[in-house]
Amino acid sequence: MVRHIRRALASGLVLLASLGSCDDNTIVRDVAIIGGGASGTFAAVKLRDAGKSIVLIEKEVILGGHTNTYQDPVTNQTVDYGVEVYHNQQFVKDFFDRLNVSWTIADPNFITSVTPQFLDPKTAKPVNYTPPDPTAGLQAYAQQLSQYPDVELGFFLPDPVPEDLLLPFGQFIEKYPDVANATFTICSYGQGLGDELKQPTLYVFKNFGTDIIRDIATGFLVTTGQGNYEIYDHATKLLGHDVLLDSTVVNTTQRDNKGVELTVQTPTGYQKVKAKKLLITIPPKLDNLRPLSLNHRESDIFGKFIHTGYYTSLVNNTGLPPNYTAYTASPDTQQNIPKLPGIYVVTGTAIDGVFDIKYGSPSPVPDEDVKREILSYVRKLQANGIAEKLPDDPQFVAYNSHAPFELTVPADQIENGFYDDLYSLQGYRSTWYTGAAFHTQDSSMLWNFTSNYVLPDLLA
Ligand SMILES: Cc1cc2nc3c(=O)[nH]c(=O)nc-3n(C[C@H](O)[C@H](O)[C@H](O)COP(=O)(O)OP(=O)(O)OC[C@H]3O[C@@H](n4cnc5c(N)ncnc54)[C@H](O)[C@@H]3O)c2cc1C
């Protein structure tokens, strides 16, 4: 009986806490966080642990952003076909330990244990391409990168921005030919960057940095449980009523130096949220930020972002041999980097007969077109005799669009101080930002950035 009452009291307290202290059903918090992917979830856990009250608003029905874990309904085997690996860094281990997520350092030889085939992105026929040994090229690249250590921490750029960082990467490797042999390796890690040879070298340096070079040699950190979604599943349970899933901000009635007041659409109706500070972690595209009543200064900055498309899928009935892996390589492009839009890679997974197929584009593509192209590629593999034609057609067991993916601006905007303007918004109108557009598409590096450059202000 006493236990019953305690439980009822406890749940009542949780409910009261979740509703905050206002009579009118308003959630009142120190910090409201929008977006429960890698950065938003990390910030929520860290702020709560440091004694701040928070509410985390996520538009999907689960946290995790680009993390896609598929579980086979028959065998329960899981496959990560979104985020796969993390950096071997103490703060990553600490975060996973906090969430009771087990981890290990993967065997670095795992990457080289598979011998991939190289296929034409259009015809799906083998191309006469053998990737060069990237070792010396990676050393030369690391040497170049070492001139800009702050770029690996955030968009902390020298003034003026060095010409090399603004050069399209294709021109950079012409200027520094000793780097060229590493290009295919760099670009295969840079999936989602769109036409990587045309991207300013700054974005390539941020995407493929010192941590990746080290972890390729010594091993990435990976989770060892039921896939990477476990991180977000455990965080969801830890944060409890402080997470509003399937919810979006639809209106902002206040956002000034005194705090913010938002209207959030939740599955059970509209909910007011009042917070002293707001942390935005969603891709800061104008259409995504519209309900936050941007002013001219903010719209002008965020309106400059352009973005790529990146799509992930799991396909069965392919007829491909087990453990088959193929990268696309164009026969007639600089360093054989595949032309996009198109397939990046086809890889076998831990689920028998299920293949991971990734697709990229310099600009977004409708999902129906991406799906049609992926299935058409599998049929070409069958027609070319690389895969066996099965009685059943290839079909998706999972598919996710990650667009808008890489948010970038053209080189002249970088040169003209875009990132100074962007970072000058930190704290403006009681609003702070983190997430890939503010640093790079890398969970571990974003956790580092959030810890060092964003949380201190939110904790002050
Ligand atoms: C296929 C793929 C593989 C990757 N592999 C790796 C890897 O192995 N290792 C690695 O470190 N990184 C990897 N990345 C990159 C990594 O996923 C990103 O760096 C990281 O997720 C970015 O975190 P974020 O917080 O900026 O954004 P996200 O994780 O995308 O989080 C943004 C969140 O905001 C939500 N949201 C969007 N709009 C709204 C809105 N209006 N209101 C409320 N919520 C909203 C989204 O649903 C999402 O949950 C990969 C990415 C992809 C796509």
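FYI, it's all coordinate maths here, none of it is from the lab. Bear in mind the structure is a predicted one, so any value in this text is a computation, not a measurement. Reconstructed Cβ throughout: ideal geometry from the backbone, glycine too, with neighbour counts over all protein chains shown.
Points to keep in mind about this one:
- Neighbour-count ranking [beta-carbon atoms within 10 angstrom, fewest first] of E298, E368, E58: E368, E298, E58
- Fully extending the segment from D94 to S424, taken as 0.36 nm per residue of separation minus the present Cα-Cα distance, adds 115.8 nm.
- Residues of the range 50-91 with an amide N closer than 16 Å to a point placed 7 Å from the Cα of R214 along the Cα-to-Cβ direction: 86-91.
- By the compact-protein rule of thumb, 2.2 N^0.38 Å, the alpha-carbon radius of gyration of the range 107-170 corresponds to a ratio of 1.62.
- Share of Cα-Cα pairs in the range 358-460 lying beyond 21 Å, as whole percent: 58
- Cβ-derived FRET efficiency at R0 25 Å, N452 paired with T135, nearest 0.05: 0.20
- For T266, residues with placed amide H under 5 Å, excluding near neighbours: Q271
- Spin-label proximity, S363 to the range 190-211 - amide N less than 15 Å from point 7 Å beyond Cα toward beta carbon: 194-195
- From phi via Karplus (6.51, -1.76, 1.60), per-residue ³J(HN,Hα) for the range 184-190 in Hz, x at Gly/Pro: 5, 4, 4, 6, 6, 7, x
- Close amide H partners of E406, meaning residues 5 or more places away or on another chain with modelled amide H under 5 Å apart, are T308.
- FRET efficiency, E174 to D107 (Cβ-Cβ, R0 25 Å, nearest 0.05): 0.10
- In this simple spin-label approximation, K285 and V61 carry label points 7 Å from Cα along the Cα→Cβ vector, and these lie 2.3 nm apart.
- Y189-D246 FRET efficiency (beta carbon distance; Förster radius 41 Å; 0.05 resolution): 0.80
- By the count of other C-beta atoms within 10 Å, a proxy for reagent exposure, I231, I62, I33 are ordered fewest to most as I62, I231, I33.
- J(HN,Hα) series, the range 348-355, from Karplus relation 6.51 cos²θ - 1.76 cosθ + 1.60, nearest Hz, glycine and proline x: x, 10, 6, 9, 3, x, 9, 10
- With the helix formula -39500 (n - 2.57) applied to DSSP H stretches of n ≥ 4, the chain reaches a computed 222 nm mean residue ellipticity of -9000 deg cm²/dmol.
- In this rough spin-label picture, where each label sits 7 Å from Cα along the Cβ direction, the A142-N257 distance is 4.8 nm.
- Farthest positive-ward along the chain dipole, Cα basis, beta-carbon charges - from P391, T248, N128: T248
- Among F172, A437, G219 - extreme Cα towards positive end, dipole of the chain, charges at beta-carbon: A437
- Mean projection area, nm², convex hull over Cα of the chain: 23.8
- Phi angles across the range 212-223 convert, under the Karplus curve 6.51 cos²θ - 1.76 cosθ + 1.60 with θ = phi - 60°, into 3J(HN,Hα) values of 5, 4, 5, 6, 4, 7, 10, x, 7, 8, 10, 7 Hz, Gly and Pro given as x.
- Amide H within-cut-off set for V243, under 5 Å, with H built and near neighbours excluded: L56
- Remark: C-alpha extents of the range 140-197 on the principal axes read 29, 24, 17 Å, sorted largest to smallest.
- Order of L455, L63 under a 10 Å beta carbon neighbour criterion, fewest first: L455, L63
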